[in-house]
Amino acid sequence: MDKKKLLPLVLVCILVLQVFAVSAPLTVSAAGKNGLQVVGGKTYYFAKGKKVTDKWVRVGGRYYYFETIPSG
């Protein structure tokens, strides 16, 4: 096939793929906190967006215990 005929065909294929990619439904979720996070000057560990409490957690080859500290 001649290069002059191939270029428009390639461009049309790219255009068609872009239309399908844009029209496909997307599922978007907010990224939760994970790992060590400093909140209000205190360090907490988050897993799947939730604060880990009353557990031993391995971080960087070391183990840390994150406990629930009562407020007040």
What pairs can you find where one residue is in segment 27-48 and modelled with pLDDT under 80, the other is among the aromatic types (F, W, Y) and surrounded by 10 or more Cβ atoms within 10 Å (Cβ to Cβ), and their Cβ atoms are less than 9 Å apart, with a gap of 6+ or different chains? G32/F46
Can we say Y63 is surrounded by 10 or more Cβ atoms within 10 Å (Cβ to Cβ), modelled with pLDDT of 90 or more, part of a strand (DSSP E or B) and more than 14 Å from the chain's Cα centre (by Cα)? no
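The values are calculated or read from the model by the stated rules, or taken from the named source; none is laboratory data. Please read these numbers as outputs of a predicted model, since none were measured by experiment. Don't worry about glycine lacking a Cβ; one is built from the backbone with ideal geometry, like all the others, and counts go over all protein chains shown.
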